[in-house]
1. Restricting to region A:106-147, name every residue that is more than 28 Å from B:Thr343 (Cβ to Cβ) and of a type in the set (Val, Ile, Thr).
2. Exactly one of (1) within 11 Å of chain A (Cβ to nearest Cβ); (2) under 23 Å from B:Trp169 (Cα atoms); (3) open to solvent by 50 Å² or more (accessible area, probe 1.4 Å) is unmet by B:Ile311. Its number?
3. For the condition open to solvent by less than 50 Å² (accessible area, probe 1.4 Å) and of a type outside the set (D, E, K, R), what is the one hit in A:Ala284, A:Ala257?
4. In the list A:Leu314, A:Leu309, A:Leu365, A:Leu346, which residue meets the criterion of being within 17 Å of the chain's Cα centre (by Cα), of a type outside the set (Lys, Arg) and facing another protein chain (nearest Cβ under 9 Å)?
5. Taking region A:86-106, which residues are more than 14 Å from chain B (Cβ to nearest Cβ) and open to solvent by less than 40 Å² (accessible area, probe 1.4 Å)?
6. Look at B:Val28 and say whether it is surrounded by 11 or more Cβ atoms within 10 Å (Cβ to Cβ), away from every other protein chain (no Cβ under 14 Å) and of a type outside the set (Ser, Thr, Tyr).
7. Do you know which residues across region B:214-224 are buried (at least 20 other Cβ atoms within 10 Å of the Cβ) and either more than 7 Å from chain A (Cβ to nearest Cβ) or not hydrophobic (A, V, I, L, M, F, W, C) (or both)?
8. Which residue out of B:Trp73, B:Trp42, B:Trp10, B:Trp49 is among the aromatic types (Phe, Trp, Tyr), farther than 21 Å from B:Leu126 by Cα and modelled with pLDDT of 85 or more?
Amino acid sequence: MTVSNSLRWRRLRRTSVQVGVLGIAALLLVLLGLAVRNGFAERGVSFSFDFLWQRAGFEISEGRVLTWSGFTSFGADMANWQALAAGLGNTLKVAVVAVLLSTLLGVALGVSRLSTNWLIRKLAFTATEFLRNTPLLIQLTFWYVAVVLQLPGLRDAPHFWGAIISRQGLWLPRPEFTSGPGLWLALAAVVTLALMLMRRFQPWRRHLAGAGVALLALAFVLGFRIHLDLPEAGRFRASGGVAISPEFTALLIALTANTAAYIGEIIRGAIEAVPRGQWEAADAIGLSRRHQLREVILPQVFRVVMPSLGNQYLNLAKNTSLGIAIGYPDLFNVYGTVSNQTGRSLEGVLIAMGIYLVLSWVISLLVNVANNRLKIPGVR
Amino acid sequence: MSPMQKKIRWLHVNLFAKPADALLTLVVVPLLLWAVWAFLSWALTAADWSVVFNSLKVLMTGTFPSSKLWLVWIVAGMIAALAGLATSASIPFGRTAAVIAVLCYLVLVLAIFGAAHIAPQALLVLAAFHAAWLIGLRVPVLRENLAPIAFGTLIAVLVILSPVGPSNWGGLLLSILITLTAALLTIPLGILLAFGRQSKIASLRALCTGYIEVMRSVPLILVVFCIWVAFPLVLPKFPIPDVVRGLIGFTLFYSAYAAEFIRSGLQSVAKGQTEAAESLGLSDFDLKRIVILPQALRVAVPGLVGNILDIFNYAPLVFIIGLTDFLRAGQMILANPENSARTYEIYVFMFLTYFVVGSIITFQARRLEQKLNKGVRK
């Protein structure tokens, strides 16, 4: 056999293996599809996504949908896809807040694990171990059943600066703005002041500050005022203010605490990986420990931990699906209701999977962008 | 330096190094003391632990028929022995081990006051654990063949329990069965997926990568539910018990994670190893089996043990397909109006159980990591 002949044989073998693998995969898929179709036929239904446009016919406890008239609360007359959208909105709502809070708490935990104070170190260690070695689900139900639902009832709920904390939910005061031309001027002032924070506008920050203050003053003169809409306790629920459901509160606390424990471990590992010389150099120029941490160590830490944090954010986003255990109407919960009502569980699973996949991709994408932004150009 | 001076120095360095530290210490210590005092006074006086002891059977086995409970004890002994054998692979029976053992028995003696009728069986289970630990230390053949023994134990356990019917499995028993089965099945599947993801065959690589990535970006609860829903549609003729469907969901989901740990192990094996094995004329299969995989698994094992902890921690999710695992059993006990005031007792007990099992798994992972790292040249 000549060399070219053997090469040709090898190529043929490779191609046939490729075709074989694909063929087997395709065959399996076709078999699965046929089996599913038979299963559907046996039940006298067909595989279709029509149910998405049918009337939902059920209420969900919280959740808003974007309609022609702005964000409105979900109602039973809306379609199933709008129910799923409201569920996705709830998932995103709790995920975004939990990501922010767990990052803050996680950094605090990670720094505490390296505190100069032995007690703080041990406390942070115990908390981390406890949160990591027990199931998130029991933590979640504990926060809900044993903490949030044990709060005092609405009638004798404590008030803190206008906020009401009760078993029926949390009501926070909501800032309300007077409308009119003043509102737009105030908005412009806020934008101007926000521009100040951007690096690109640093050279003009004084002008921007002046302009912002002037705009704000003008708005005030034109009759722009902020006043707080304070919630008032009624018989079963409070009115006014921002209402936060007990389910949301419990899920938020559970996700935040649990993810913070993992983030704390990541931050601790990253801080320990910063070369000792950095600490010593910061010490040598006379920075206090707090400043060493804040100005020298943490900026380096954040440059390396982004991918690991991204993994935790992904986990957090997926863990919001545990909300069903306490009745929080997240995407998975709403999907469960929809599939119960319509009997379309398989189609619904495909949609839910697709949404979670896209959500995961978006999070990875954002983390990658943040990671590239944080990298020092030219540094490995 | 006298011991007293040493103590004062320790206090100074660790608690009162700076004014801020001193302030923190002075704030935290009373708070901590108050919390410990509040908890202890509740646990010893106000709390009524009889609810835990009275519902121990439900918590541990769910709806398992009472007349067949001796099967559960046999299974518990076998799993304890397996755990003892696994312990012998990473921890020699030294002073720490003896102390831990004595503590275990002490806890048991305490528990006997509340549940005397199960004390002999519980003692036997603990004894099985220790006997296996000691035997494993003496007989290296046993602890070196842990994987086949574990598979054998799992099959034996499932066979022993099958006459009762999977729908009656519940409580902590179910959580442990799920963990054990999924943990053992995910490793071979993970190995296949990891090799598939690194295969030279592009289509196979794409399929495995796709599978792993999809599984890693959807929630476990969705996968378990999807499998549960899909099986009756695909196989309407063969009704599969809920437990088995749940097990399949867990296995499919966690094998993707296991594959990633094994892949990181595969990547850590130096290229020279492959080249050396190839030059010896090993076939592709032998090369992977004899040369690559043992070295890769050494790196992957701590991650895989962490994966087992994850499986155990997410096992309560089977509530979504109507199964009664440990957490669900506790919630059912609380749903009984008689026990509605005993929320904290049940939760403290469940937290403690989960924490003890979880900490044991974490501890084992850490020891295993240290042990495996010893033989590695850096």
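1. A:Val107, A:Val111, A:Thr116, A:Ile120 - these are the residues of region A:106-147 that are more than 28 Å from B:Thr343 (Cβ to Cβ) and of a type in the set (Val, Ile, Thr).
2. (3)
3. A:Ala257
4. After applying the criteria, what remains is A:Leu314.
5. Answer for region A:86-106, where residues must be more than 14 Å from chain B (Cβ to nearest Cβ) and open to solvent by less than 40 Å² (accessible area, probe 1.4 Å): A:Ala86, A:Gly89, A:Asn90, A:Ala98, A:Val99, A:Ser102, A:Thr103, A:Gly106.
6. Values: surrounded by 11 or more Cβ atoms within 10 Å (Cβ to Cβ): yes; away from every other protein chain (no Cβ under 14 Å): no; of a type outside the set (Ser, Thr, Tyr): yes.
Taking the combined requirement at face value, the residue does not satisfy it.
7. Listed by number, the residues that qualify are B:Ser217, B:Pro219, B:Leu220, B:Val223, B:Val224.
8. B:Trp42
The values are calculated or read from the model by the stated rules, or taken from the named source; none is laboratory data. Since we're looking at a predicted model, the values are computed, not measured. All Cβ positions, glycine included, derive from the backbone under ideal geometry; neighbour counts span all protein chains shown. For the accessible areas, the whole protein counts, side chains as well, though only heavy atoms, and no ligand, DNA or RNA atoms are used. Shrake-Rupley method; radii C 1.70, N 1.55, O 1.52, S 1.80 Å.
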